[in-house]
Amino acid sequence: MPRPADPHARETLLTAARAEFARKGLRGARIEDITAACGLSKGAFYLHFDSKEALFGEVLAAFEERLGEVNTRRMRSTEAFFREQGTVQPDERLQRSERYQRFCELERTFDVEALELMWSYRDVVAVLVSGSQGTPYESLLWQMTDAQVERLASDFQRLQVAGAVDPKMDPRLLASVIVGAYLLLSQRMVYHTEKPDLSAWALTLHRVFEGGTMPRLESPAPPSKASRPKTSPSKTSRRGQQRARAKTHHTPRKRQ
């Protein structure tokens, strides 16, 4: 009588494969080592996946789906905040009003959630960065990066229209900086044996981007030289100038 299929085999294979990909890269990982690590046969592997590349593709799809879901909820929550409580004005940001602090808390909540997701998939990002050469996924990281930059730039433009951020900033350049920061942090996470304080990381990120995107209050321009009133020298100062000239005036000596 055949043994019943293990209902947890798929998840077990995914976990073992991710660890093997992180150690040897996608090209260097072998199906035999993946199945041996979790006590399953190669036959069990092929019951669930056509190849190791197909398995990795499934992990990536799950990561992209969760990342997109976080980003969508973040933008919807931000727009709902502005719709219900009004757009935070530049002077409110400078004075750190109560409404602005509520908005900051909303932003930090999503920053932490994004970092938590990066922590969960740090091994996958590491494979994309340095372990996918010579495979169909070699350029996928930069395709994903470009897609995230375009999405963030579009979101930032919507906030510019709403008056919530500096309208003079280049949306794509800012989006590239943000995506690059998260990508670098995901690489740093690989070398942490213990989970770092992601709330502290989120606070730092928020303060950096908060200061950089804050709308600027227009300050009055200083008066130009042409507009400054001319002051005529007083009588006292004219007398002083005359005395100074008299002291420096040399008269020729009389010949003996």
Restricting the search to the range 131-164, which residues are part of a helix (DSSP H, G or I) and aromatic (Phe, Trp, Tyr)?
-> TRP142, PHE156
List, please: which pairs have Cβ atoms under 9 Å, are six or more places apart or on different chains, and start with a residue in the range 166-186 that is over 24 Å from ALA126 (Cα atoms) and end with one that is among the hydrophobic types (A, V, I, L, M, F, W, C) and part of a loop (DSSP other than H, G, I, E, B)?
-> ASP166/MET214
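Going by the structure shown, is ARG158 open to solvent by 30 Å² or more (accessible area, probe 1.4 Å) and under 27 Å from PHE21 (Cβ atoms)? Full working, then the answer.
On the way: open to solvent by 30 Å² or more (accessible area, probe 1.4 Å): yes; under 27 Å from PHE21 (Cβ atoms): no.
So ARG158 does not fit the description; no.
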What residue, of ASP146, ASP50, is without any contact (Cβ under 8 Å) to a residue 12 or more places away in the chain and more than 20 Å from the chain's Cα centre (by Cα)?
-> ASP50
If VAL88 satisfies every condition in (1) open to solvent by 20 Å² or more (accessible area, probe 1.4 Å); (2) touching a helix residue (DSSP H, G or I) at 6+ places or on another chain (Cβ under 9 Å) but one, which is the exception?
-> (1)
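Matching residues to (1) under 18 Å from the mean Cα position of the chain (by Cα); (2) under 19 Å from LEU198 (Cα atoms):
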{"site": "GLU79", "(1), (2)": "no, no"}
{"site": "PHE82", "(1), (2)": "no, no"}
{"site": "ARG93", "(1), (2)": "no, no"}
{"site": "GLN101", "(1), (2)": "no, no"}
{"site": "CYS104", "(1), (2)": "yes, yes"}
{"site": "ARG108", "(1), (2)": "yes, yes"}
{"site": "MET118", "(1), (2)": "yes, yes"}
{"site": "VAL124", "(1), (2)": "no, yes"}
{"site": "PRO136", "(1), (2)": "no, no"}
Filtering the range 122-150 down to residues that are acidic (Asp, Glu) and open to solvent by 60 Å² or more (accessible area, probe 1.4 Å), which residue is modelled with the lowest pLDDT?
-> GLU138
Among the residues of the range 42-54, is any open to solvent by 80 Å² or more (accessible area, probe 1.4 Å), assigned to a helix (DSSP H, G or I) and of a type in the set (Phe, Trp, Tyr)?
-> yes
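Quick one: how many residues across the range 30-41 are surrounded by 14 or more Cβ atoms within 10 Å (Cβ to Cβ) and part of a helix (DSSP H, G or I)? Talk me through it step by step, then tell me what you get.
Step one: of the range 30-41, the residues surrounded by 14 or more Cβ atoms within 10 Å (Cβ to Cβ) are 31, 33-38, 40.
Filter once more, so that each one left must be part of a helix (DSSP H, G or I): 31, 33-37.
Total satisfying the criteria: 6.
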Residue in the range 110-119 that is open to solvent by 20 Å² or more (accessible area, probe 1.4 Å) and either in contact with a Gly (Cβ under 7 Å, 6 or more places away or on another chain) or at pLDDT below 90 (or both) present | no
Picked from the range 189-207 (must be without any contact (Cβ under 8 Å) to a residue 12 or more places away in the chain and open to solvent by 90 Å² or more (accessible area, probe 1.4 Å)), the residue farthest from ALA22 (Cα to Cα) is ARG207
Apart from one, (1) open to solvent by less than 70 Å² (accessible area, probe 1.4 Å); (2) under 19 Å from the mean Cα position of the chain (by Cα) all hold for ARG73; the odd one out is (1)
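The values are calculated or read from the model by the stated rules, or taken from the named source; none is laboratory data. Please read all numbers here as calculations on a predicted model, not as lab measurements. All Cβ positions, glycine included, derive from the backbone under ideal geometry; neighbour counts span all protein chains shown. Remember, those area values only see protein heavy atoms, side chains included, never the ligands or the DNA or RNA. Shrake-Rupley method; radii C 1.70, N 1.55, O 1.52, S 1.80 Å.
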